[in-house]
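Asks: One structure follows; several queries about it will come next.
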Amino acid sequence: MACSREQYVATAKKYIGYGEHDGSWEVLRKAWDTMIDDGYIVSHWGARKGLHFDKSWHWCALFSSVCAWLSNPRCIDVVPCEISVWSLRQMANKNGCKWIPYNASTNKNSVEIGDLVLYDWSGAHNGYDHVGIVASVSSSGFTTVEGNSGGYTNSNGAYIGKVVTRSVGWSNTTVTGFVHTAFSASASKPVTPKE
């Protein structure tokens, strides 16, 4: 059974609303630790061996990585898996993936669902502050599913993130570029994601 872009996105959507506010995001953190202990992403993507996820870290890259594994363990062959957005960018041209730099007029012709979008909050288009999974594409923009997003800062000054969807226009000034994931064009039809 091959994995598909649609299957990857469907799995990500299952976690919309999960977050730190109620601890529901812990299932994602634990999945990362299981992936690391398995060792495959260490050998395939160069993820750091034994690096279990600390609850104080940002978890947007963890989310995009874990959703690949939870949709079908074979999907980690075609979706870069790391807990650092910067590291995801470094993997963008590895194992059949391809880096697509930000270009407001041409990105709509090259980005597909299941690709990753990287953001630079400064608007300089050269930083790597956040990542989302492209869930749909249109002529005016795209939607994403993103972990550690859309939350709030609590009274202690800590950011409380959750899994949300976002609509983004092609001319959005915070987009750095996209990782075109290496899903096969002939991948099988989506199957029901793992629980």
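The values are calculated or read from the model by the stated rules, or taken from the named source; none is laboratory data. These numbers were taken from a predicted model, which means no experiment stands behind them. Counting neighbours? That spans all protein chains shown, and the Cβs are built from the backbone with ideal geometry, glycine included. All accessible areas refer to the heavy atoms of the entire protein, side chains included, with ligands and DNA or RNA removed. Shrake-Rupley method; radii C 1.70, N 1.55, O 1.52, S 1.80 Å.
Asks: Charges on Cβ only, +1 for Lys and Arg, -1 for Asp and Glu, centred on the Cα centroid of the chain; of F183, W86, V168, which one is farthest towards the dipole's positive end?
Replies: Of the listed residues, the answer is F183.
Asks: Which one of E20, E82, E112 has the biggest mean-square fluctuation once the chain is modelled by GNM with Cα springs under 10 Å?
Replies: Highest fluctuation of the listed residues: E20.
Asks: Who wins for biggest fluctuation among S71, S155, S136 in a Gaussian network model of the chain, springs between alpha carbons below 10 Å?
Replies: Comparing S71, S155, S136 in a Gaussian network model of the chain, the most mobile one is S155.
Asks: Kindly point out, ordered by number, any Cys in the chain whose beta-carbon has no other cysteine beta-carbon under 4.7 Å away.
Replies: C60, C67, C81, C97 - these cysteines have no disulfide-compatible partner (Cβ-Cβ under 4.7 Å) in the chain.
Asks: List the residues whose amide H sits under 5 Å from the amide H of D129, counting only those 5 or more places along or on another chain, with H placed 1.01 Å from N in the peptide plane.
Replies: Y119, D120, W121
Asks: Using a 1.4 Å probe, what is the accessible area per residue for the chain, in Å²?
Replies: About 44 Å² of surface per residue is accessible.
Asks: Looking at the chain as a GNM with Cα springs under 10 Å, which of G147, G123, G161 has the largest mean-square fluctuation?
Replies: G123
Asks: I would also like to ask the following. What is the pair-distance distribution P(r) of the chain, computed from all Cα-Cα distances in 10 Å bins starting at 0, with each bin given as a whole percent?
Replies: Final binned percentages: 10, 39, 39, 12, 1.
Asks: Using just the helices of the chain, give the 222 nm mean residue ellipticity in deg cm²/dmol: DSSP H runs with n ≥ 4 each add -39,500 (n - 2.57), and the total is spread over all residues, rounded to 500.
Replies: So the calculated ellipticity at 222 nm is -7000 deg cm²/dmol.
Asks: Counting only protein heavy atoms and using a 1.4 Å probe, what share of the accessible area of the chain belongs to carbon plus sulfur, as a whole percent?
Replies: Carbon with sulfur: 50 percent of the solvent-accessible area.
Asks: Let me ask another. Compute, for the chain, the length of the dipole vector about the Cα centre, with Cβ point charges of +1 (Lys, Arg) and -1 (Asp, Glu) only. Units Debye, rounded to 20.
Replies: Here the chain has a charge dipole of around 320 debye.
Asks: What number of lysine-lysine pairs in the chain show an alpha-carbon separation below 18 angstrom, given a sequence spacing of 8 or more or placement on distinct chains?
Replies: Lysine pairs meeting the criterion: 13.
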